[in-house]
Amino acid sequence: MTDPSLEPIPAEVLVETRGGLGIVTLNRPKALNALSLGMIRALDQALIAFAKDDAIGAVLIRGAGEKAFCAGGDVRALVVAPEGIDKGRIARDFFAEEYRLNLRIHNFPKPFVALIDGVTMGGGCGLSLHSPLVVATERTMVAMPETVLGLFPDVGATWFLNKCPGQIGLCLGLTGRRLKAADLKAVGLVSHVVPSSMLDAMVEALAAVPKLHAGSVKRVLDAHGVDAGPSALLPDQAAIDRIFAADSIETIIKGLEAETAPWAVEALHTIRRASPTSLKVTLRQLRDGRALGPDIAAMLRIEYRLAVHSVGGSDFPEGVRAILVDKDNKPAWQPPRLDAVDAARVESFFAPFADPADELSFS
């Protein structure tokens with residue numbers, strides 16, 4: 001029998017070229033392709049190389065396995081680290097490099113196709129929803145559930161959630177509501193819906209194109225796309241717009257309490273489980289972010305401040321413990337109630353760092 005310790009460790013990111021198509025595959029299927037810092041670095045280097053390679057006309061990103069594109073950043077590793085390891089430094093490096101990768105994808109100079117076949121949450125959204133070419137399938141499930149972890153919707157969610165019509169983006173950010181392919185197409189977060197059984201054929205069709213460019217890539221995606229079907233989200237928009245237009249979490253909760261629709265009952269349940277601080281930080285983050293227009297770099301700099309302050313606080317480590325480590329689902333939030341989260345506490349998350357050198361840079 002082969003000694004397992006001698007078996008090679010599979011690469012967590014696979015990089016290949018097929019014709020003029022560069023392909024990167026997240027390769028941690030047993031962990032639902034959750035992003036490690038090593039994966040972030042490998043992805044960044046691959047995209048830099050593909051951008052410079054004149055033989056590459058387009059890039060495609062996908063996840064290994066049939067369950068997930070990417071279930072998010074491996075935040076458990078940021079909290080559970082061996083003794084002697086500077087967890088704060090690891091977390092700062094993780095978020096800084098992840099957000100730089102998000103910006104690279106947002107501004108990628110060649111067509112960038114994201115196949116989000118399966119679970120796509122948190123960091124997985126940051127690897128995909130920044131592109132105008134996102135392909136969902138019948139297995140796709142997208143969510144940003146950070147508030148129940150004591151965090152906030154990051155990886156550029158300030159931009160892509162605010163792309164959604166009306167107050168839908170704010171609702172998604174506060175409640176982590178799960179979206180299927182039809183919902184994503186309806187709110188403009190994906191460009192195409194393709195059956196999962198057709199993805200390999202679509203990739204081969206892209207690889208066979210003699211000259212890949214924006215037009216030829218779109219033609220291939222259009223040829224494989226199908227009708228998304230009716231959205232379960234859009235019928236709720238009128239109520240969502242009315243309730244989530246409120247200027248405080250407390251008022252939003254009152255609005256949800258007055259609703260009997262299943263989506264509102266579920267949203268209320270999630271909000272009551274979430275970190276009170278995270279809810280108020282997220283409300284301000286997404287509302288203020290609208291004023292930044294298309295300045296994604298400015299949004300990511302603010303998100304980096306929020307991330308560093310969150311890691312250094314009590315709720316994020318506690319949320320990871322309760323949800324991902326001990327799995328008792330009983331986080332002890334500090335403070336435990338919304339009325340104890342004052343404006344000064346929220347402001348402290350957005351405050352610039354004392355040393356300007358600590359701000360997120362993109363050089």
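Before moving on, here are some points about what is shown:
- With only the Cα atoms considered, the stretch 150-280 has a convex hull volume of 132 Å³ per residue.
- Förster-model FRET efficiency, 22 Å R0, residue 36 and residue 355, C-beta, rounded to 0.05: 0.20
- Over the chain: helical MRE at 222 nm, DSSP H runs n ≥ 4 each giving -39500 (n - 2.57), nearest 500: -12500 deg cm²/dmol
- 3J(HN,Hα) from dihedral phi, the stretch 236-244, Karplus parametrisation 6.51/-1.76/1.60, rounded to Hz, x for glycine, proline: 8, 5, 4, 5, 4, 4, 5, 6, 8
- A dipole drawn for the stretch 4-358 from +1 and -1 charges on Cβ atoms has a positive end, and of 246, 106, 78 the residue lying farthest that way is 106.
- Between residue 213 and residue 238, the distance separating the two model label sites (each 7 Å from Cα on the Cα→Cβ line) works out to 4.7 nm.
- Annotation for residue 245 and residue 330: the two label points, set 7 Å from Cα along the Cα-Cβ direction, are 4.2 nm apart.
- Charge dipole magnitude, Cβ of K and R +1, D and E -1 - the stretch 179-327, Cα centre, debye nearest 20: 340
- Size of charge dipole - the chain - debye, nearest 20, with Cβ of Lys, Arg +1 and Asp, Glu -1, no other charges: 460
- Over the chain, Cα pairs under 8 Å with separation of 6+ residues give a relative contact order of 16 percent.
- Stretching residue 347 away from residue 227 to a fully extended chain increases their span by 38.8 nm, per 0.36 nm per residue minus the current alpha-carbon distance.
- By DSSP, the beta bridges lying fully in the chain are antiparallel in about 25 percent of cases.
- Rounded if a/c under 1.5, otherwise prolate or oblate - the stretch 49-119, Cα gyration tensor axes: oblate
- Likely footprinting exposure, 358, 117, 328, fewest C-beta neighbours within 10 Å first: 328, 358, 117
Values quoted throughout were computed directly from the atomic coordinates according to the rules given, and no laboratory measurement underlies them. These figures come from a predicted structure and were not determined experimentally. Neighbour counts are summed over all protein chains in view; Cβ atoms, including those assigned to glycine, are modelled from backbone coordinates with ideal geometry.
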